[in-house]
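Asker: Here it is, the structure, as structure tokens.
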Amino acid sequence: MGNAVLRREDPDLLTGAARFVADMAPAGTLHLAFVRSTMAHARIGGVDSAEARNVAGVVDVLTAGDLAIAPQLLFITLPPELSRLPLTDKARYVGDPIAVVVAESPGAAADGADLVVVDYEPLPAVTDPVAALAPGAAIVFESHGSNRASELKVGADAESLAGHDLVVSGRIVNHRMAAAPIEPSAVLAVPGIGDGGEGVTLWCTTQRPHDTRDVVAAALQEPSDRVRVVAPAVGGGFGAKGSAYPEFVVAAWLARRLVGSRPARRTSPT
């Protein structure tokens, strides 16, 4: 109590000995780049990957229908209608991953992603949470029927605010913000656990490795002991690295199913 606590990680970070995901590239690693939605809300009429496949070094281009992964709930418990595919079949926000390009190098993956053409059918978008609940607002998940994801009610006597000399009410607005860690989200998926055996090992930028393990295992329909998650140096998190991102699931699935069971890595912002 009252004494400075020395941080164990500082020496490695200050001397350059710390290992980030971008420092890891096992032999045979394939690189991933994601094609992301440029629209906030749109149906996807089709994805043309013909030109991308002709880029030297591109191994494959996959969309939602190519991945045998059931929709998953991510991060918190929500109604099942809000489950998401790791590669979406409908754009629900700008940046929503639609396709993944697999290549022999990061450059080839990025070049291939630039050449994928997505046919969008634009839909009305909502950006204000209050307006999103208004009658007639565009519904992001039609099967759910509402933009209200969850509701918390605190029980109280209906007359608890009556009869007081002063009752104060107010509307509090939390401004939009985004965490900006030094290292972006990154993942390396390697077939096997430890010295071998079935399963997959993920090195990823996560603040919650055990939850990430469980989410990835559920998506792969594997027991949790067949998924090992390692959190190396992550370059800061600030809460943004608290969930298992769809890219983690895609990388793990590809590492298990690519020809020769090759490692799959995504370290670029795409």
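Asker: I'd like the projected area of the chain, averaged over all directions, using the convex hull of its alpha carbons. Report it in nm² with one decimal. Mind showing how you got there, number by number?
Answerer: Working: hull surface 84.4 nm².
Convex hull of Cα atoms, orientation-averaged projection: 21.1 nm².
Asker: If I model a spin label at Asp10 and Val130 as a point 7 Å from the Cα along the Cα→Cβ vector, what separation in nanometres do I get?
Answerer: About 4.6 nm separates the two model spin labels.
Asker: Can you give me the Cα centroid spacing of the stretch 59-118 and the stretch 206-220 in angstrom?
Answerer: The distance from the Cα centre of the stretch 59-118 to that of the stretch 206-220 comes to 18 Å.
Asker: Quick one: what are the phi-derived ³J(HN,Hα) couplings along the stretch 170-177, Karplus 6.51/-1.76/1.60 with θ = phi - 60°, whole Hz, x for glycine and proline?
Answerer: x, 10, 10, 10, 8, 5, 5, 8
Asker: Which order do the peptides 33-41, 79-87, 245-253 take when ranked by the mean count of other beta-carbon atoms within 10 Å per residue, highest first? Could the numbers behind the result be given before it?
Answerer: Numbers: 33-41: 20.4, 79-87: 17.0, 245-253: 25.2.
Packing proxy ranking, top to bottom: 245-253, 33-41, 79-87.
Asker: Between Val59 and residues 5 or more places away or on another chain, which pairs have amide H atoms under 5 Å apart, with H built 1.01 Å from N, and which residues are they?
Answerer: Under 5 Å from the amide H of Val59 lie the amide H atoms of Val102, Ala103, Glu104, each far enough along the sequence or on another chain.
Asker: Give the whole-number value, in cubic angstrom per residue, of the convex hull volume spanned by the C-alpha atoms of the stretch 120-269.
Answerer: Details: hull volume 32.2 nm³, N = 150.
Taking the convex hull of the Cα positions in the stretch 120-269, it is 214 Å³ per residue.
Asker: A follow-up question, please. If you take the charge dipole of the stretch 86-164 about its Cα centre, with +1 on Lys and Arg Cβ and -1 on Asp and Glu Cβ, which of Ala108, Ala158, Ser143 is farthest toward its positive end?
Answerer: Ala158
Asker: Right, here's the next one. Which peptide among 132-145, 48-61 comes first, and what is the full order, when sorted by highest mean count of other Cβ atoms within 10 Å? Don't skip to the answer; put the middle values down first.
Answerer: Details: 132-145: 12.4, 48-61: 16.9.
Listed from highest to lowest mean packing, they are 48-61, 132-145.
Asker: Write down Rg/Rh for the stretch 1-118, rounded to two decimals, with Rg from the C-alpha atoms and Rh from the Kirkwood relation over Cα pairs. Walk me through the numbers before you get to the answer.
Answerer: Numbers: Rg = 19.4 Å, Rh = 17.0 Å.
Rounded to two decimals, Rg/Rh equals 1.14.
Asker: Still on this structure: How large is the helix-only mean residue ellipticity at 222 nm for the chain, computed as the sum of -39500 (n - 2.57) over DSSP H runs with n ≥ 4, divided by its residue count, in deg cm²/dmol to the nearest 500?
Answerer: Numbers: 5 runs with 44 residues, N = 270.
Result for the chain: -4500 deg cm²/dmol, rounded to the nearest 500.
Asker: Another question, if that's okay. Report the paramagnetic label zone for Glu121: residues of the stretch 27-53 whose backbone N is under 17 Å from a point 7 Å from Cα along the Cα-to-Cβ axis.
Answerer: So the set is 39-48.
Asker: Tabulate in residue order the Karplus-calculated ³J(HN,Hα) for the stretch 197-208, using 6.51 cos²θ - 1.76 cosθ + 1.60 with θ = phi - 60°, rounded to whole Hz; enter x for Gly and Pro.
Answerer: Couplings: x, 6, x, 8, 10, 10, 9, 8, 7, 10, 9, 9 Hz.
Each reported figure results from applying straightforward, stated rules to the coordinates on display, with no laboratory input. All of these numbers come straight from a predicted model, not from anything done at the bench. With ideal geometry, Cβ positions are generated from the backbone for all residues, glycine too; neighbour counts draw on all protein chains shown.
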